[in-house]
Amino acid sequence: MESKPVINEFSGIAAKGLRNRYIGSLSAADAGERVSVCGWVARVREHGEHLVFVDVRDYSGIVQVVAHSSVDLRSEYVVQVAGLVSERPEGTVNPDLATGEIELTDTEITVLSAAEPPPFAIQDRVEVDEAMRLKFRYLDLRRDKMQHHLRMRARINSAIRASMERQGFTEIETPLLWTPTPEGAREFVVPSRLHQGSTYVLPQSPQIAKQLLMVAGFDRYYQIARCLRDEDLRADRQFEFTQLDLEASFVTQRDIMDFISDAVIAASRAAGISATGEVGEISWKDAMDRFGTDKPDMRFGNELIDVSAVFSNTSVRALSAPCLKALVAPNPSSLTRSKLDDLVDRAKGLGAKGLLWLRAVAGSEGLQFESPVSKFFTADESKSLMDVTKVSEGDVVLIVGDAWEKACHVLGQIRLELGRSQGDPDEFRFVWVVDFPLFEGVDEQGRLISAHHPFTMPNEEDFSKLESDPLSVRSQSYDLVLNGWELGSGSIRIHRADIQSKVFASLGITEEEAGNRFGFLLDAFKYGAPPHGGFAFGIDRLAALLVGEDNIREVIAFPKTQSGADVMTGAPKEIDTRIWDLLGLSVKAPKKYLA
RNA sequence: GGACCUGUGGUGCAGCUUGGAGUGCACGUCGGCCUGUCAAGCCGAAGGUCGCGGGUUCAAAUCCCGUCAGGUCCGCCA
C-alpha cells in the first residue's frame, strides 16, 4: 500500500537547532528562501564534477540538492544542507516527487555522520527477508513505510486517548510486577531477589487491578497498557502487546460498547479512514451459524446455510450428522477436482470427518448435482437442497456434517479460505459479537469452563438456568471484531457475592480455592463494590488493520520472531550463574543440550 | 508438540522437477567517463562455506536423512 508521510501539524515550527524546515514542508511557495534541512542521503546522481544531484531524505519527504562540485557523499550519510529553495529549470520538474517543483541550490552541505553501505536498501520497494529486517531493525524502521506505520500508530493512540478523556475517563497506571494467578494463559515469571523462591509475574492484562479501581471509586478508568502472555506467537500475536484497557462503574453493556465504539471510530478517523459507518452487531449464535466463527469477516457474504432438514431421512452415512452446514463456494470455476480434494483434506485437518462437494450442472431435466455422492440423493433431497442453497449452474456446494459447533467451525474456515480475496481491503467492518455463552464446555473432570473469566456476569434472563442448564446461559460479554480479527473483548462483571458464589459453584471452584486465588478481590467486593464492566482491545491489531497490514510486527518497533527471539539483541540469552545465585535459583542444563 | 513454505556473492531472485566445472538476471559496492538527472546513463572490476552436518553417487546447490534460522498455520492463546 502507498504510505504517505504522517506530518504532524506542528512540523513546520517544530524544526529547530540544526535545521529550520522539514523537507516535506518545502514547496514552490518557498522559492527564494534560504533554508536549512537535515536528513539522510537517499541517492547521489553524479554527472561529472560540475553537476551532482543529491536526494536528501527526512521522514517527511525527499528533496533534490544540487551541487556544482564533486561531493564525497554516499547513501545514508547524515547531512545538514543549507541552500536556496529554487524553482527547477523548465522541463526538469519531477511530478512524482512531492517537492518535485523545487530543488536546493547554492548549497552548503555538512556531513554530520558518515555511513557504511547499509546491508539492504532503505527503500519501500525493496523486499527484504524478515530475519534481515529484524536484525537491522533500526534501518528497516528508517524506511518510509515503517515511518508511516509507527507515526500513524502514534496518531491512533492519541485519538484513543482523546476519545477516552472526552468521555470522562481517567488514565491510571497499574503494576507490571503482579501476583501469580493459576489462571489461563502462561505468565512470564519474574523471580524476586528479596524474597528468594517467590516470584512476581508480568500481567496478562490489568484485569483484577482495574476492578479494584472500580471499588476504589475511579468510576471511569482507562489505560493504554502493555500486556504479556507467554504463549506461542502468530501473525496477530506477540508476547508483549498493547491494549486499550478500560473499566467503568454504574454502566450497562450498552454503555461500554458505546465508549469503545467511539474510540475505535476516532482511531479510524485519525488513520484517515472515514467510511467505517456504524459498528454492527451480531449474536454469537448468529455469527457461528452464518459465518462459522465468533470473529466474522463481514466484508463478504457466502454465508453458511443449515441444510440439516434437507437430509433428515438420508441413507447417506456421511450426511447422518446432528448438523449439516452448506456453503455455496465463490469462484466455483476455479474449483478443480484437485482443489476440491485439497479442501477435503483441509476439512479433515480441521477435525471434520469429511467434506462433501456437489457441482450444479445442467442436465436433461434441468439443474442437477454432479458429485460422488449425489446418486444416493432422492429427487426430493436434490430439489430441496437446490432450493435452500439457491444454486445456479456451475455453482459448487460444500457440505460438512458434524456436531453443530464443529460443522460451523470447519465450514467457516473454508469460507474464509475461499472468500478471503473477496474482502475489500479498504473496507472496515467493525462488529460487536454479543450474547456469548457463559460457559464454553466442560473439562475432563466434568467441570464447566468459563468462556471469558469467572467474574463475567450472566445474562439476567438466564439466571434461573445457572443450575438447571448452565451451558445455555448467556453472559453479558461482548467481543469487538474487525474484518475477521478479534480486536478485544469485555464483560459486565459480577459484583454481588451471591451470584459469584453460584458461578464459582458451577465452575467447581470451592470457597477455599476462590479465597486462595482471588481473595483480595473478593475481600474488596465486601466493602461496597459498584456494578461495573469493561473492555480491552488490542491496539497492535487495530493499528495493523487500519494501515493495511496483516501482521502486527509491521506496527511494532521492535517485535520478536515467531520463536520468541529478538534477532537484533540476541534475547533471550543465557545469563551468568552469579545472577541465578543472586536470585536464589539454579538452572538445569538447557533443553537443547539434553539428549 | 505437529504440518507446510523459504534459505544460492552485500540485497532480491532464477537454477533444484530430470545430479555433470559456482552458471545466470536485477540492485548494491569499488574504479573510470559523463553539465539536468531523479530507480540517471555508459564502460570496467571485485565479491560465493549454494544455512549447517551426515548419507547416496564416479560426481550433489540439485536426491535422501538430520539439524538450525525465518515465515504461515494447527495445538496453545481473549
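The values are calculated or read from the model by the stated rules, or taken from the named source; none is laboratory data. Here the structure is a predicted model, which is why all the values come from computation and not from measurement. Cβ: placed from backbone, ideal geometry, glycine included. Neighbour counts: every protein chain shown.
Scanning the range A:290-324 for residues that are among the basic types (Lys, Arg) and under 14 Å from A:His409 (Cα atoms), we see that the one that is nearest to the chain's Cα centre (by Cα) is A:Lys295.
Of all positions in the range A:465-475, at least one carries a residue that is under 25 Å from A:Pro530 (Cβ atoms) and away from RNA strand B (no atom under 14 Å from the Cβ).
Condition check ((1) closer than 17 Å to A:Gln211 by Cα; (2) within 13 Å of RNA strand B (Cβ to nearest atom); (3) of a type in the set (Gly, Ala, Ser)) across all residues:
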{"position": "A:His453", "(1), (2), (3)": "yes, yes, no"}
{"position": "A:Ser477", "(1), (2), (3)": "yes, yes, yes"}
{"position": "A:Val481", "(1), (2), (3)": "no, yes, no"}
{"position": "A:Trp485", "(1), (2), (3)": "no, yes, no"}
{"position": "A:Ser489", "(1), (2), (3)": "yes, yes, yes"}
{"position": "A:Ile492", "(1), (2), (3)": "yes, no, no"}
{"position": "A:Arg496", "(1), (2), (3)": "yes, no, no"}
{"position": "A:Ile499", "(1), (2), (3)": "yes, no, no"}
{"position": "A:Ser506", "(1), (2), (3)": "no, no, yes"}
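Within the set A:Ser491, A:Ser450, the sole residue that is within 24 Å of the chain's Cα centre (by Cα) and either of a type in the set (Phe, Trp, Tyr) or assigned by TED's automatic domain parsing to the domain that holds A:Lys210 (or both) turns out to be A:Ser491.
The rows are residues; the columns are (1) assigned by TED's automatic domain parsing to the domain that holds A:Ala309; (2) among the hydroxyl-bearing types (Ser, Thr, Tyr); (3) without any contact (Cβ under 8 Å) to a residue 12 or more places away in the chain.
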{"residue": "A:Ser384", "(1), (2), (3)": "yes, yes, no"}
{"residue": "A:Glu393", "(1), (2), (3)": "yes, no, no"}
{"residue": "A:Val433", "(1), (2), (3)": "no, no, no"}
{"residue": "A:Glu440", "(1), (2), (3)": "no, no, yes"}
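What tally of residues in the range A:15-47 results from selecting those that are more than 21 Å from A:Arg142 (Cα to Cα), aliphatic (A, V, I, L, M) and in contact (Cβ under 8 Å) with a residue 60 or more places away in the chain? Number satisfying all stated conditions: 3. Of the residues making up the range A:228-248, those that are within 11 Å of RNA strand B (Cβ to nearest atom) and under 22 Å from A:Gln167 (Cβ atoms) are A:Gln243, A:Asp245. Among residues of the range A:185-206 being over 25 Å from A:Ala216 (Cβ atoms) and under 24 Å from the mean Cα position of the chain (by Cα), the one that is farthest from RNA strand B (Cβ to nearest atom) is A:Phe188. A:Ile494 passes every criterion in (1) more than 26 Å from A:Gly217 (Cα to Cα); (2) of a type in the set (Val, Ile, Thr); (3) at pLDDT 90 or above apart from (1).
Each residue in the range A:455-485 was checked for being under 14 Å from A:Ser506 (Cα atoms), not in a strand (DSSP E or B) and not charged (D, E, K, R), and 10 of them qualify. Just one of the numbered conditions (1) out of contact with any helix residue (DSSP H, G or I) (no Cβ under 8 Å at 6 or more places or on another chain); (2) modelled with pLDDT of 95 or more is not true of A:Gly184: (2).
Residues of the range A:419-461 being more than 30 Å from A:His495 (Cα to Cα) and at pLDDT 85 or above, which ones? Within the range A:419-461, A:Asp426, A:Glu427, A:Phe428, A:Arg429 meet the criteria. With respect to the conditions (1) within 10 Å of RNA strand B (Cβ to nearest atom); (2) closer than 14 Å to A:Val37 by Cβ; (3) aliphatic (A, V, I, L, M), A:Val93 lacks only one, and its number is (2).
Does A:Leu327 count as modelled with pLDDT under 85 and either under 30 Å from the mean Cα position of the chain (by Cα) or surrounded by 16 or more Cβ atoms within 10 Å (Cβ to Cβ) (or both)? Break it down into steps so the answer makes sense when it comes.
Values: modelled with pLDDT under 85: no; either under 30 Å from the mean Cα position of the chain (by Cα) or surrounded by 16 or more Cβ atoms within 10 Å (Cβ to Cβ) (or both): yes.
Taking the combined requirement at face value, the residue does not satisfy it.
Going by the structure shown, is A:Ala15 surrounded by 17 or more Cβ atoms within 10 Å (Cβ to Cβ), modelled with pLDDT under 95, aliphatic (A, V, I, L, M) and more than 16 Å from RNA strand B (Cβ to nearest atom)? Can you show your working first?
Details: surrounded by 17 or more Cβ atoms within 10 Å (Cβ to Cβ): yes; modelled with pLDDT under 95: yes; aliphatic (A, V, I, L, M): yes; more than 16 Å from RNA strand B (Cβ to nearest atom): yes.
The answer is yes for A:Ala15.
Only a single item in (1) free of Cβ contacts under 8 Å to residues at least 12 places away in the same chain; (2) surrounded by 13 or more Cβ atoms within 10 Å (Cβ to Cβ) is not met by A:Thr170, and it is number (1).
Can you name the residue in the range A:43-64 that is farther than 10 Å from A:Ile23 by Cβ and more than 8 Å from RNA strand B (Cβ to nearest atom) and, of all such residues, is surrounded by the fewest Cβ atoms within 10 Å (Cβ to Cβ)? Ranking the qualifying residues of the range A:43-64, first place goes to A:Val52.
Scanning the range A:310-350 for residues that are part of a helix (DSSP H, G or I), over 21 Å from A:Ser392 (Cα atoms) and without any contact (Cβ under 8 Å) to a residue 60 or more places away in the chain gives A:Arg317, A:Ser338, A:Asp341, A:Asp342, A:Val344, A:Asp345, A:Lys348, A:Gly349.
Applying the selection to the range A:113-151, what residues are assigned to a helix (DSSP H, G or I), more than 10 Å from RNA strand B (Cβ to nearest atom) and hydrophobic (A, V, I, L, M, F, W, C)? Full working, then the answer.
Within the range A:113-151, the subset assigned to a helix (DSSP H, G or I) is A:130-135, A:137-140, A:144-151.
If we keep only those that are more than 10 Å from RNA strand B (Cβ to nearest atom) too, we end up with A:137-140, A:144-151.
The answer is A:Leu139, A:Met146, A:Leu150.
Selection of first residues in the range A:132-144 that are in the same structural domain as A:Glu76 (by TED's automatic domain parsing) and of second residues that are part of a helix (DSSP H, G or I) and more than 9 Å from RNA strand B (Cβ to nearest atom), restricted to Cβ pairs under 8 Å at least 6 apart or on distinct chains, gives an empty result. For A:Pro425, the criteria (1) over 20 Å from A:Glu303 (Cα atoms); (2) in contact (Cβ under 8 Å) with a residue 40 or more places away in the chain hold in every case but one, which is (1).
For every residue, the table says whether it meets (1) polar (S, T, N, Q); (2) outside the structural domain of A:Glu549 (by TED's automatic domain parsing); (3) farther than 27 Å from A:Thr242 by Cα; (4) assigned to a strand (DSSP E or B).
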{"residue": "A:Arg74", "(1), (2), (3), (4)": "no, yes, yes, no"}
{"residue": "A:Val81", "(1), (2), (3), (4)": "no, yes, yes, yes"}
{"residue": "A:Val85", "(1), (2), (3), (4)": "no, yes, yes, yes"}
{"residue": "A:Gly91", "(1), (2), (3), (4)": "no, yes, yes, no"}
{"residue": "A:Leu97", "(1), (2), (3), (4)": "no, yes, yes, no"}
{"residue": "A:Asp106", "(1), (2), (3), (4)": "no, yes, yes, yes"}
{"residue": "A:Arg153", "(1), (2), (3), (4)": "no, no, no, no"}
{"residue": "A:Ala159", "(1), (2), (3), (4)": "no, no, no, no"}
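Tell me yes or no: at least one residue of the range A:72-83 is closer than 22 Å to A:His149 by Cα, surrounded by fewer than 20 Cβ atoms within 10 Å (Cβ to Cβ), near RNA strand B (Cβ under 6 Å from one of its atoms) and in contact (Cβ under 8 Å) with a residue 12 or more places away in the chain. No - not one qualifying residue is present in the range A:72-83.
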